[in-house]
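This report refers to the structure that appears directly beneath it.
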Amino acid sequence: MLLFNICVLIGAVLTPPSLRWLYSTCIALLCLYQIFRKDWLGLFIVTISLVALISSNIWQERSKSEITEQWYWDVEQHCAWTPRFTQDFYILLKTPQGNHKADLCQASKPLDRVPISLHHAHLFGDYREHQAFVKGVDALLYLPQASQPAPVLTQLDQYASWRFAYSIIKGDRSQWDERDRWLINYLGITHLFVVSGLHVGFVCLLALLCSRMLWRCSALIQYYVPSRAWLNGLLAAPLCFLYAGWSGFGEPAIRAAVMALVFLSVSALHHKVSLLNVLSLCAWLMLLQWPGRALDPSFWLSFAFVLLIGLLMSRVQRFGRLLWLQCLMSLFALLLTLGWQSSLSTLTVLVNLVLIPFVAFVWFPVALVSLLEFTCCHSTLLYAQLDRLLLWVYRRVEDPLYQVAAIQPNEDVTALVKLCLIGLAFWGVYWLPSRRAMGFMIMLLSAAILTPLPKTWQMQWYQDRFEVLYWQPSAHDVPVFSVPKMLSLNGLNIALNPSKDAIAEHALQDNWHLALLGDAKQADLLRAMQVQVLTMRQGERLSFYRDGAVWQVQSSDCYHLLNLVKTVACEHAEWLESVLNYPQFDTGGLGARAF
């Protein structure tokens with residue numbers, strides 16, 4: 001019944017506008033059928049789903065005046081302002097510190113505000129408008145870097161490992177540099193530094209340990225609380241929701257908090273339910289709150305990995321269960337990151353086996369207590385000891401981390417091939433614990449890291465030099481280099497690192513459409529001349545190549561987490577792809593989007 005209602009909610013989101021009359025007709029027939037069958041429980045649950053759909057108003061169409069209304073950002077009050085003030089407008093602000101609701105100003109001084117561009121929620125709009133719809137907000141705002149408030153540094157920031165500890169407990173990776181991002185992705189431990197169900201599980205585990213201690217030490221609690229299961233629910237469930245809210249209410253955190261509430265409630269009532277029923281109830285409750293999250297990949301990935309862990313725990317043999325579980329989870333993660341990550345350490349399984357329990361029982365609780373210690377007492381004595389230990393260990397394992405050979409996943413993988421590989425991997429899990437299942441997994445791993453054929457030709461552009469590499473396999477595999485100052489691709493004139501001298505004159509004479517700059521000082525001038533500008537970072541490399549009739553762009557600074565969380569360079573590459581493939585459309589500015 002719950003799965004059926006989940007389909008009802010998802011169907012309302014996926015139904016195109018021209019067929020919504022058919023969806024409404026089917027829902028009416030369904031209700032009549034349940035009345036005929038006297039299925040009052042099913043009718044009641046469907047009614048709840050329909051009420052949630054009506055209250056969420058997912059089919060709402062915004063007026064043109066709302067979309068074209070000018071908004072401003074007050075740099076002093078750090079809030080959004082518009083002449084037509086409204087309290088019912090929800091703007092999701094995306095910054096390096098994370099996503100949070102933007103405050104609205106009731107009044108703003110003209111000298112303190114700058115114009116901003118909002119991306120209003122639209123189911124069938126561009127990527128940013130679609131993201132606003134998926135997140136259940138009215139608009140999305142990528143705040144320019146100059147308008148963002150400077151990060152507030154504390155005494156804890158003096159420790160080299162605190163930037164990682166803070167990302168573990170809060171998910172804030174704004175203090176990371178490119179080397180940090182590369183190393184975490186290379187070791188395959190990104191999931192430890194993004195607030196997810198794993199971190200909510202850490203909080204729940206700590207709450208259960210506290211509950212156990214209180215139950216043993218306090219006779220008064222044993223007198224007033226019926227059982228320890230009730231104490232677990234009263235203590236762990238609120239703490240899970242408080243932590244999920246403090247960390248930003250991400251999809252995995254919400255799912256884990258709801259699962260903890262359902263599991264603890266069922267345990268307190270002494271009932272037994274299957275994992276599939278718990279997952280179905282959690283998914284239905286989350287979709288009731290906002291049906292549009294059914295289009296969010298993190299929503300499905302979160303539930304899929306929990307289901308995978310449940311299947312593995314019941315099918316993997318007890319001997320070496322943790323090792324086999326981590327190996328298979330790493331295989332699934334490798335299949336999901338195909339095409340996005342160029343290399344992966346062969347020590348990934350070992351590093352996860354060591355770090356997951358260390359983070360759960362040492363780093364995570366010590367970081368939370370240290371943050372509480374600094375907030376209340378302005379002291380950092382506890383974390384100073386842990387930081388000294390972490391630095392001592394890292395200096396001794398740093399060399400082996402880089403010297404071990406890396407896995408080179410296949411970069412040329414389509415979405416259909418990736419989906420087939422993941423489906424086959426789930427099929428292999430059903431074969432466990434037989435030997436043919438392990439052979440099947442090894443075959444999938446070989447297919448994932450199979451080296452692709454070389455591309456016909458490729459261009460590589462650097463910040464300090466722009467090289468066009470033409471690959472000629474027939475000429476003894478000798479690459480030919482040239483260093484042009486301007487290229488014409490697909491009808492677009494692209495300037496490569498133009499000099500400062502007479503830059504405006506050259507832009508008018510050569511009719512520049514796009515300029516790649518190594519220095520951002522000329523960006524404002526070129527933007528005023530209607531020239532699209534992209535500034536490259538130090539050491540960044542852009543690779544352009546043709547895939548049939550379509551341009552594809554890759555950046556060396558692009559780092560993904562399951563294609564859900566991306567660096568700024570990933571947005572730059574996607575934007576350049578759209579410019580090259582669809583030059584007749586105005587792609588607009590990107591704003592600032594980072595981890």
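Couple of notes before you dig in:
- At least 3 residues being at pLDDT 65 or above and within 28 Å of Asp296 (Cα to Cα) is the threshold, and among the strands (runs of 3 or more DSSP E) wholly inside the range 489-595 those reaching it are 550-555.
- Single residue of the range 272-319 satisfying the filter (free of Cβ contacts under 8 Å to residues at least 60 places away in the same chain and β-branched (Val, Ile, Thr)) that is surrounded by the fewest Cβ atoms within 10 Å (Cβ to Cβ): Val273
Residue-by-condition table, conditions (1) farther than 26 Å from Gly250 by Cα; (2) of a type in the set (Lys, Arg); (3) touching a Ser or Thr at 6+ places or on another chain (Cβ under 8 Å):
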position: Leu30; (1), (2), (3): yes, no, no
position: Phe36; (1), (2), (3): yes, no, no
position: Thr47; (1), (2), (3): yes, no, no
position: Leu53; (1), (2), (3): no, no, no
position: Trp73; (1), (2), (3): no, no, yes
position: Ala80; (1), (2), (3): no, no, no
position: Tyr90; (1), (2), (3): no, no, no
position: Leu93; (1), (2), (3): no, no, no
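- Taking first residues from the range 65-77 that are without any contact (Cβ under 8 Å) to a residue 40 or more places away in the chain and partners that are charged (D, E, K, R) and open to solvent by less than 40 Å² (accessible area, probe 1.4 Å), the Cβ contacts under 9 Å between residues at least 6 apart in sequence or on separate chains come to Asp74/Asp112; Glu76/Asp112; Gln77/Asp112.
- Residue within the range 247-258 that is open to solvent by 60 Å² or more (accessible area, probe 1.4 Å) and closer than 22 Å to Ile422 by Cα present: no
- Complete set of residues in the range 149-170 that are over 14 Å from Leu371 (Cα atoms) and at pLDDT 80 or above: Ala160
- Residue within the range 282-291 that is at pLDDT 85 or above, assigned to a loop (DSSP other than H, G, I, E, B) and in contact with a Gly (Cβ under 8 Å, 6 or more places away or on another chain) present: yes
- Selection from the range 259-271 of residues that are of a type in the set (Gly, Ala, Ser) and open to solvent by 30 Å² or more (accessible area, probe 1.4 Å): Ser265, Ser267
- Residue identified as closer than 16 Å to Ala406 by Cα and modelled with pLDDT of 75 or more among Val359, Val349: Val349
- Scanning the range 365-384 for residues that are loosely packed, with under 12 Cβ neighbours inside 10 Å and more than 24 Å from Val195 (Cβ to Cβ) turns up Cys377, His378, Leu381.
- Annotation note: Cβ proximity below 6 Å between a residue of the range 201-227 that is under 27 Å from Ala360 (Cα atoms) and among the aliphatic types (A, V, I, L, M) and a residue that is assigned to a helix (DSSP H, G or I) and open to solvent by 60 Å² or more (accessible area, probe 1.4 Å) (sequence gap 6+ or interchain) occurs for Val203/Leu239; Ala207/Leu239.
The values are calculated or read from the model by the stated rules, or taken from the named source; none is laboratory data. Note that the coordinates shown come from a computational prediction; the quantities given were computed from them, not determined experimentally. Neighbour counts run over all protein chains shown; Cβ positions are idealised from the backbone, glycine included. Heads up: the accessible areas ignore ligands, DNA and RNA and are worked out on the full protein's heavy atoms, side chains in. Shrake-Rupley method; radii C 1.70, N 1.55, O 1.52, S 1.80 Å.
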